[in-house]
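Visitor: Sharing a structure below in structure tokens format, with a few things to ask.
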Amino acid sequence: MSGWTDRVTDRTQERRAELAGNLAAVEERIAAACAAAGRARDEVTLIVVTKTYPASDVRILSDLGVREVAENRDQDAAPKAEACADLPLTWHFVGQLQTNKVRSVVRYADLVHSVDRRRLVDALSSAVMKSERADRELGCLLQVALDAESGADGSRGGIAPDAVEGIAEAVAAAPGLRLDGLMTVAPLAGPYAGQPRAAFDRLAEIASCLRAAHPAANMVSAGMSADLEEAIAAGATHVRIGSAVLGVRTGLG
């Protein structure tokens, strides 16, 4: 038994060292990007996306000082959040969200980054008001699809830029919800394909218009492992980093 315990301990220590090194490398990238953009380091929040990785990694990350974590599938997030309920973490839901998963998501999520339709706004509001956490507000970011034409949805979820105002008003008026800002994923198609900086600059323009009507909606969630520098240069306040911190898992769909 002691040999097995020693092997487990060794693997945990190895994983901790790996995550610590990856976090340090990402921190260097964020700090350098902030300096290049003339921004203070504390203007950008790191959200670590832990999808496909176990709760044990979340515990290590928390011990290393990570306070913001994200998931994109409720079936992975719900048990992981429950297993880590004792940790001082803010949970972000960043994936496309179906209304039949809303009741589960509002139990653990502090912010949802993928609000993209009125039906989802209504479902989130209703679920929050009926939940055990009805005394709090759920932070909502509108997912903007920069590859979507007027009236259409994006290939990776989200709403066309001209739909932002209407959905924003719906969130702002919904009980239990708080309009926090915008989110985007660099598009794979359309005029901004292969141009993350241009895409994030466009998001910044949309965010500026949103803040004119809703001054508190000042979050701009953009940038992932491959393009965090471009996002920070364009004014992102939050970057969502997965593989650069946790590594790339093989054999997964």
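Since every read-out is calculated from the coordinates, none of them should be taken as a lab result. If you're wondering where the values come from, they're calculated on a predicted model, not measured in any experiment. Cβ atoms come from the backbone with ideal geometry, glycine included; neighbour counts cover every protein chain shown.
Visitor: Report the gain in length on full extension from THR9 to ARG178: 0.36 nm times residue separation, minus Cα-Cα distance, nm rounded to one decimal. Spell out each step's value before the answer.
Guide: Numbers: separation 169, 0.36 × 169 = 60.84 nm, distance 4.25 nm.
Net length gain for the segment: 56.6 nm.
Visitor: Something else now. First select every other residue whose beta carbon is under 9 angstrom from the beta carbon of VAL49; then total the charges, Lys and Arg +1, Asp and Glu -1.
Guide: +1
Visitor: Now a separate question. Starting from the Cα of LYS101, draw a straight line to each of the lysines and keep only those under 16 Å, dropping any in the same chain fewer than 8 residues away.
Guide: Reachable lysines: LYS80, LYS130.
Visitor: In addition: Based on Cβ point charges of +1 for Lys and Arg and -1 for Asp and Glu, what charge dipole magnitude is obtained for segment 201-244 about its Cα centre, in debye rounded to the nearest 20? Don't skip to the answer; put the middle values down first.
Guide: Values: 3 positive and 5 negative charges, 43 e Å.
Around 200 debye, computed over segment 201-244.
Visitor: Using the charge dipole of segment 156-253 (Lys, Arg: +1 at Cβ; Asp, Glu: -1 at Cβ; taken about the Cα centre), state which of ILE167, LEU203, GLY247 has its Cα farthest towards the positive end.
Guide: GLY247
Visitor: Using the alpha carbons of the chain, what is the convex hull volume per residue in cubic angstrom, as a whole number?
Guide: Values: hull volume 34.4 nm³, N = 253.
Expressed per residue, the convex hull around the Cα atoms of the chain is 136 Å³.
Visitor: Quick one: Debye curve from the alpha-carbon atoms of segment 109-237 only, equal weights, vacuum; give me log10 I(q)/I(0) at q = 0.10, 0.16, 0.22 Å⁻¹ to two decimals.
Guide: -0.29, -0.73, -1.25
Visitor: Mind checking segment 204-253 for trypsin sites (Lys or Arg not before Pro) that DSSP puts in a loop (not H, G, I, E or B) and that have at most 11 other Cβ atoms within 10 Å?
Guide: On the way: sites: ARG211, ARG240, ARG249; in loops: ARG249.
Qualifying residues, ordered by number: ARG249.
Visitor: Moving on. Using the Cα centre of segment 58-100 as the reference point, and only Cβ charges (+1 on K/R, -1 on D/E), how large is the resulting charge dipole? Debye, rounded to the nearest 20. Please list the in-between numbers first.
Guide: Values: 4 positive and 7 negative charges, 13 e Å.
The dipole of segment 58-100 has a size of about 60 debye.
Visitor: Towards the positive end of the charge dipole of segment 38-79, with charges on Cβ (+1 Lys, Arg; -1 Asp, Glu), say which of SER62, ALA40, THR50 has the farthest Cα.
Guide: ALA40
Visitor: Rounded to the nearest 500, what is the chain's calculated 222 nm mean residue ellipticity when only DSSP H runs of at least 4 contribute -39500 (n - 2.57) each, over all residues? Spell out each step's value before the answer.
Guide: Details: 9 runs with 112 residues, N = 253.
The per-residue figure over the chain is -14000 deg cm²/dmol.
Visitor: What does the charge dipole of the chain about its Cα centre add up to, to the nearest 20 debye, if the Cβ of each Lys and Arg holds +1 and the Cβ of each Asp and Glu holds -1?
Guide: Details: 28 positive and 34 negative charges, 97 e Å.
With only Lys, Arg, Asp and Glu charged at Cβ, the dipole is about 460 debye.
Visitor: Report the Cα-based extents of segment 65-144 along its three principal axes, largest first, to the nearest Å.
Guide: Projected onto the principal axes, the Cα atoms of segment 65-144 cover 36, 28, 20 Å.
Visitor: If I model a spin label at ARG39 and ARG73 as a point 7 Å from the Cα along the Cα→Cβ vector, what separation in nanometres do I get?
Guide: That separation, rounded to one decimal, is 3.1 nm.
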